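Student: Mind looking over this structure? Questions follow.
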Amino acid sequence: MNAIEVNKVRKVYNQRDVALDGVSFTIKEGESVVILGHNGSGKSTLFRTLTGFEEPTEGSVTLLGREVDPGKRRHLRETRKKVGMVFQAFGLVDNVSVFQNVLFGALGQVKFAPATYSLFASEALRTRAMECLDRVGLAHLSERRADRLSGGQKQRIAIARMLMQDPEIILADEPIASLDPKAGREVMDLLADIAAERNITLLMILHQIPIAKKYADRFIALKNGEVFADNNVSVIDEDFETALFGSEGPKDPPADEKPGSMEQEAKSL
Ligand code: ADP
Ligand code: MG
């Protein structure tokens, strides 16, 4: 089955800014795919469209066999339950514990939000939260406040929180852009291992070519809102990089990038 289907998606902002211009691709269950493209090529818009935070001007998106339609809130919530998201800026709640942050990952599964508060959470939920923390190797930090962690630790907690959803798809938008190289490798290893052991479909936006080549099988390159290439990562060489990015190479996303609207909304789900 296809995990992700993107069918001729066009997205125009303010009736004149074309962010996506007829983008189509399909991703099979269990595939690991990276999205490449310079700043402004439409990567984040594509992600927001995939998750229904943005409505395509034309075309359609299907996740796990369900059409993504921002107009149908309940249907969308059901679809999103199985889609885990990871962001450059982590999206943790700073002034509560690591354990509480992970419990918040179950928000989509409970009727009332307080059922995820550590004070009220069921024994089953608490056990699952500890298992998720254990999977990312940070069970020993469960009582620490989230803002007292390193960047790499924060991203691993964000991954533990996402595992509470038991995701079938993981969407990661620049998951290591705010991390030093060592922490970045740890986070990438963790994401790749988790995806492989659970046959999760992994779609990542990355701008470091070597990392993309190491951790993905396939890449989709966007240029000016169009699919410029869709191929095995092994075909990426210097000539290709120059054709895609120009001679200056890919630019780092701004280090202080504020959480996007998708992240804000994901927090409130
Ligand atoms: P990337 O993530 O690849 O840097 P984006 O998807 O953020 O690219 O942006 C693609 C294009 O759409 C850019 O030209 C950007 O200025 C424009 N754009 C993105 N979001 C909005 C928005 N909310 N309103 C208007 N224009 C936008
Ligand atoms: Mg972006």
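Student: Which of His140, His207 has the fewest other C-beta atoms within 10 Å, and how do the rest follow up to the most? Please report the intermediate quantities before stating the final value.
Tutor: Numbers: His140 10, His207 22.
Arranged by neighbour count, lowest to highest, His140, His207 become His140, His207.
Student: In nm, give the distance between the simple-model label positions of Ala139 and Val93, each being 7 Å from the Cα along the Cα-to-Cβ direction.
Tutor: Taking the two extended label points, one gets 2.4 nm.
Student: Another one. Which loop chymotrypsin sites (Phe, Trp or Tyr not before Pro) in the range 90-139, with loop taken from DSSP, have no more than 16 other Cβ atoms within 10 angstrom of their Cβ?
Tutor: Working: sites: Phe90, Phe99, Phe104, Phe112, Tyr117, Phe120; in loops: Phe90, Phe112, Tyr117, Phe120.
Those satisfying the criteria are Phe112, Tyr117, Phe120.
Student: Mind checking which of Leu20, Phe120, Asn224 is farthest towards the positive end of the chain's charge dipole, using Cβ charges of +1 (Lys, Arg) and -1 (Asp, Glu) about the Cα centre?
Tutor: Phe120
Student: What value, in deg cm²/dmol to 500, does the helix sum -39500 (n - 2.57) over DSSP H runs of n ≥ 4 give at 222 nm once divided by the residues of the chain?
Tutor: Details: 9 runs with 88 residues, N = 269.
It lands at -9500 deg cm²/dmol.
Student: Efficiency by 1/(1 + (r/R0)^6): what FRET value for Gln15 and Glu226, r their Cβ-Cβ distance, R0 = 22 Å, to the nearest 0.05? Write out the running numbers ahead of the final one.
Tutor: On the way: r = 19 Å, r/R0 = 0.88.
For Gln15 and Glu226, the calculated efficiency is 0.70.
Student: Counting alpha carbon pairs within less than 8 Å and at least 6 residues apart, what relative contact order, in whole percent, applies to the chain?
Tutor: On the way: 503 pairs, mean separation 69.0, N = 269.
Averaging sequence separation for qualifying contacts and normalising by length gives 26 percent for the chain.
Student: For a label point 7 angstrom out from the Cα of Asp217 toward its Cβ, which stretches of the range 44-78 have the backbone nitrogen within less than 19 Å?
Tutor: 64-65
Student: Hand me the trypsin sites (Lys or Arg not before Pro) from the range 1-75 located in a DSSP loop with no more than 15 other Cβ atoms within 10 Å, in residue order please.
Tutor: Details: sites: Lys8, Arg10, Lys11, Arg16, Lys28, Lys43, Arg48, Arg66, Lys72, Arg73, Arg74; in loops: Arg16, Lys72.
Loop-located and lightly packed - Arg16, Lys72.
Student: Also, quick follow-up: Multiply the residue gap between Arg73 and Leu119 by 0.36 nm, knock off their C-alpha separation, and tell me the result in nm, one decimal place.
Tutor: Details: separation 46, 0.36 × 46 = 16.56 nm, distance 2.92 nm.
Between Arg73 and Leu119, full extension yields 13.6 nm more.
Values quoted throughout were computed directly from the atomic coordinates according to the rules given, and no laboratory measurement underlies them. On a predicted model such as this, the values are computed, not experimentally measured, just so you know. Neighbour counts run over all protein chains shown; Cβ positions are idealised from the backbone, glycine included.
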